[in-house]
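Heads up, the thing below is written out as structure tokens.
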Amino acid sequence: MADIENPDFSKGCAFVRGQYVPIAQASIPITDLGFLHSDATYDVVTVWDGAFFRLDAHLERFKRSCEHWRLDPGVTDQDITEILSQCVRLSGLRASYVEMICTRGQTPWGSRDPRQAVNQFYAFAVPFVWLANESQRASGLNLKISDVQRIPASSVDPTIKNYHWNDLTMGLLSALDAGADSVVLVNDQGHIVEGPGFNAFCVLDGTVITPDHGMLEGVTRKTVIEIAQSLEMPVHVRAVLAEEFRSANEVFISSSGGGVLPVTRVDGNAIGNGKVGAVTRKFVDAYWALHKDPALNLPIVY
Ligand SMILES: *Cc1c(COP(=O)(O)O)cnc(C)c1O
């Protein structure tokens with residue numbers, strides 16, 4: 001039985017106001033502007049086989065995100081590494097989804113000046129989260145191309161991680177209602193940009209194509225581009241028309257939430273022969289093979 005002296009971290013562990021607490025007990029004040037205004041940034045790194053994958057890239061992006069939104073987490077990269085490691089260690093998880101968060105925090109009572117807020121750093125580790133379940137990973141996702149536009153960079157820059165997810169969530173709800181598994185949003189030109197927490201790719205005549213702007217530059221996207229280069233497969237980073245997606249030979253998505261995930265239907269219609277494509281399979285295998293590369297993995301001492 002878990003009690004105060006022996007907290008049960010087995011479902012996950014969070015770092016809140018300097019304390020490690022079981023995930024179910026982790027909370028933030030209701031007046032934190034991170035909650036009231038979605039005024040926060042975050043990053044997600046995964047642990048696979050007891051090691052962080054590309055932690056450096058996630059820490060670097062988190063630091064850039066904080067600077068962009070004028071947030072100060074008040075912790076160094078080394079502090080963050082220690083806190084995240086401790087969350088994973090306490091939970092005992094060998095495969096984990098690990099999130100670091102900086103919120104605006106609270107302003108003095110009555111103040112509307114965000115500069116006076118005391119920014120807060122939070123973190124948590126929970127069991128690994130897959131963006132696609134086992135059967136979707138085996139037979140591919142059915143992705144809907146939404147007519148919901150991703151928020152433009154001139155309003156809330158989607159290249160910097162943020163919790164302004166209503167566009168992604170409304171797109172996802174309409175896709176699920178239509179019987180699809182997930183959604184990809186477009187920009188004001190009707191070009192494909194990204195989905196809720198993932199980047200999108202298509203393969204056309206042996207070339208791998210992914211959008212160049214209007215979306216978060218995923219660490220997994222970068223990994224996919226590097227894999228393509230190592231396989232000497234041409235990669236085009238450019239605007240992608242919705243039509244190109246619909247008529248592609250293969251489509252896949254990328255996210256820390258499962259790496260490279262196959263898409264075999266777009267708007268309900270089969271892509272290629274409707275089976276997971278050979279190029280997609282190569283990327284899935286190469287992605288997981290990189291989890292054995294000591295240069296990209298930081299083992300956790302449990
Ligand atoms: C985090 C995120 C991604 C994927 O980034 P990874 O670093 O590959 O996990 C894509 N789109 C959005 C909106 C995201 O928040």
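Among the residues of segment 61-79, those that are more than 18 Å from the chain's Cα centre (by Cα) and closer than 25 Å to GLY12 by Cα comprise PRO73, GLY74, VAL75, THR76, ASP77, GLN78, ASP79. Of all positions in segment 209-229, at least one carries a residue that is within 22 Å of LEU131 (Cα to Cα) and more than 16 Å from the ligand (Cβ to nearest atom).
When segment 274-293 is examined, which residues are found to be out of contact with any strand residue (DSSP E or B) (no Cβ under 9 Å at 6 or more places or on another chain) and not charged (D, E, K, R)? ALA289, the sole residue that qualifies.
Scanning segment 116-126 for residues that are touching a helix residue (DSSP H, G or I) at 6+ places or on another chain (Cβ under 8 Å) and more than 17 Å from ASP79 (Cβ to Cβ) gives ALA117, VAL126. For segment 121-140, the set of residues classified as open to solvent by 30 Å² or more (accessible area, probe 1.4 Å), over 26 Å from CYS66 (Cβ atoms) and of a type outside the set (A, V, I, L, M) consists of PRO127, TRP130, ASN133, GLU134, SER135, GLN136, ARG137, SER139, listed by residue number. Entry remark, segment 187-208: residues being away from the ligand (no atom under 14 Å from the Cβ) and either surrounded by 22 or more Cβ atoms within 10 Å (Cβ to Cβ) or farther than 11 Å from VAL148 by Cα (or both) number 9 in total. Residues that are aliphatic (A, V, I, L, M) and not in a strand (DSSP E or B) within segment 30-72 comprise ILE30, LEU33, LEU36, LEU55, ALA57, LEU59, LEU71, listed in sequence order. Scanning segment 165-180 for residues that are more than 13 Å from the ligand (Cβ to nearest atom) and loosely packed, with under 14 Cβ neighbours inside 10 Å returns LEU173, LEU176, ASP177, ALA178, GLY179. The one condition from (1) more than 16 Å from the ligand (Cβ to nearest atom); (2) of a type in the set (Ser, Thr, Tyr); (3) under 19 Å from the mean Cα position of the chain (by Cα) that SER91 does not meet is (3).
Is at least one residue of segment 10-30 open to solvent by less than 50 Å² (accessible area, probe 1.4 Å), touching a residue at least 12 places away in the same chain (Cβ under 8 Å) and over 15 Å from TYR122 (Cβ atoms)? The answer is no; no qualifying residue exists.
Filtering segment 152-164 for residues that are assigned by TED's automatic domain parsing to the domain that holds ALA270, more than 11 Å from the ligand (Cβ to nearest atom), in contact (Cβ under 8 Å) with a residue 40 or more places away in the chain and more than 17 Å from the chain's Cα centre (by Cα) leaves a non-empty set. Among the numbered conditions (1) closer than 23 Å to GLY12 by Cβ; (2) β-branched (Val, Ile, Thr); (3) open to solvent by 20 Å² or more (accessible area, probe 1.4 Å), the only one that VAL118 does not meet is (1). For segment 45-53, indicate whether the set of residues that are aromatic (Phe, Trp, Tyr), farther than 18 Å from TRP165 by Cβ and open to solvent by 50 Å² or more (accessible area, probe 1.4 Å) is non-empty. Checked segment 45-53: at least one residue is aromatic (Phe, Trp, Tyr), farther than 18 Å from TRP165 by Cβ and open to solvent by 50 Å² or more (accessible area, probe 1.4 Å). Does any residue of segment 89-107 turn out to be in a helix (DSSP H, G or I) and open to solvent by 20 Å² or more (accessible area, probe 1.4 Å)? For segment 89-107, residues in a helix (DSSP H, G or I) and open to solvent by 20 Å² or more (accessible area, probe 1.4 Å): present.
The values are calculated or read from the model by the stated rules, or taken from the named source; none is laboratory data. The structure displayed is predicted, hence computed values, not measured ones. Positions of Cβ are backbone-derived with ideal geometry, glycine not excepted, and every protein chain shown enters the neighbour counts. Note: areas computed on protein heavy atoms with side chains; ligands, DNA, RNA excluded. Shrake-Rupley method; radii C 1.70, N 1.55, O 1.52, S 1.80 Å.
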